């Protein structure tokens, strides 16, 4: 993460006053959307090994036949600052703790939306791994890589991108029977976590000049069902002004999906069926407009 080195050094050297549970890390400022040194509450985590409820970082591990093999916990020493908060002693460990903090924030968001409290998964940190956090369902593990070079925000620190990968793990059973539906909901949950329909653009080296990654954009006729579903859910979350409630309804809808074929209209019907009165009318109006079609059973 060479482009973030000055900020990593800043996170290691300074920070606002904190308590014994708070750790100086690098994260995305909610107002500016830029990287900044900040403090995070990582209660329950072993900071020296970079592991806790959100995941277990392993260095030098690999995946063989769907199993994680080899590797060792990170070895990160921390010190206490005059302010009382903790900080890693080396730049690489500031980076790892910052990435763990992003995992924990995503976990907390999903729990607030009614997600299951899963056991921590292995997180394979490797310089050769693709940039960002990537969920590998076959091994029930994540890979973690730096970069991409030239992006405004590293993918592993992008709140929406991290939440999307954590949501993919939550939805792994649904994805076996309904891959497009699971992908669409995970894509939407990332937007809800970041409060930004174009959250993926921040971690693209060239940005998103034509808006191809923006869930609020009009979709082309050939758009995949996952994008159609995510766009409809975001449009409703934006109209209602309550992304958390929309995320909660979307996750609840996945639990009601059966083995039969579904599709965006079926999922949106399950979402609308949880609502009443004006809230339901608003959601149905948004869903019909985004799908440009009828067929949403709960929205006659």
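Across the range 35-58, the qualifying residues are those that are farther than 17 Å from residue 162 by Cβ and assigned to a loop (DSSP other than H, G, I, E, B), and the one among them that is farthest from the chain's Cα centre (by Cα) is 48.
Residue check: is residue 289 surrounded by fewer than 16 Cβ atoms within 10 Å (Cβ to Cβ) and in contact (Cβ under 8 Å) with a residue 40 or more places away in the chain?
Numbers: surrounded by fewer than 16 Cβ atoms within 10 Å (Cβ to Cβ): yes; in contact (Cβ under 8 Å) with a residue 40 or more places away in the chain: yes.
It is true that residue 289 is surrounded by fewer than 16 Cβ atoms within 10 Å (Cβ to Cβ) and in contact (Cβ under 8 Å) with a residue 40 or more places away in the chain.
Look through the range 124-144, keep the residues that are in contact with a helix residue (DSSP H, G or I) (Cβ under 7 Å, 6 or more places away or on another chain) and assigned to a strand (DSSP E or B), and return whichever of them is surrounded by the fewest Cβ atoms within 10 Å (Cβ to Cβ). Per the criteria, the residue is 134.
Go through the range 274-286 and give me each residue that's in a helix (DSSP H, G or I) and surrounded by fewer than 21 Cβ atoms within 10 Å (Cβ to Cβ). Correct list: 277, 278, 279, 280, 281, 282, 284, 285.
Taking the range 244-273 as the range and being surrounded by fewer than 17 Cβ atoms within 10 Å (Cβ to Cβ) and more than 18 Å from residue 178 (Cα to Cα) as the test, only 244 passes.
Considering every residue within the range 100-112, establish whether at least one is under 25 Å from residue 224 (Cα atoms), in contact with a helix residue (DSSP H, G or I) (Cβ under 9 Å, 6 or more places away or on another chain) and touching a residue at least 40 places away in the same chain (Cβ under 8 Å). Give the steps one after another, and end with the answer.
Residues of the range 100-112 that are under 25 Å from residue 224 (Cα atoms), as a first pass: 110.
Those left that are additionally in contact with a helix residue (DSSP H, G or I) (Cβ under 9 Å, 6 or more places away or on another chain): 110.
Subsequent filtering for residues that are touching a residue at least 40 places away in the same chain (Cβ under 8 Å) retains 110.
Yes, because at least one residue in the range 100-112 is under 25 Å from residue 224 (Cα atoms), in contact with a helix residue (DSSP H, G or I) (Cβ under 9 Å, 6 or more places away or on another chain) and touching a residue at least 40 places away in the same chain (Cβ under 8 Å).
Every number in this text was worked out from the coordinates using simple rules, so none of it is lab data. Keep in mind it's a predicted model, so treat the numbers as computed, not measured. So basically every Cβ, Gly included, is an ideal-geometry build from the backbone, and we count neighbours across all protein chains shown.
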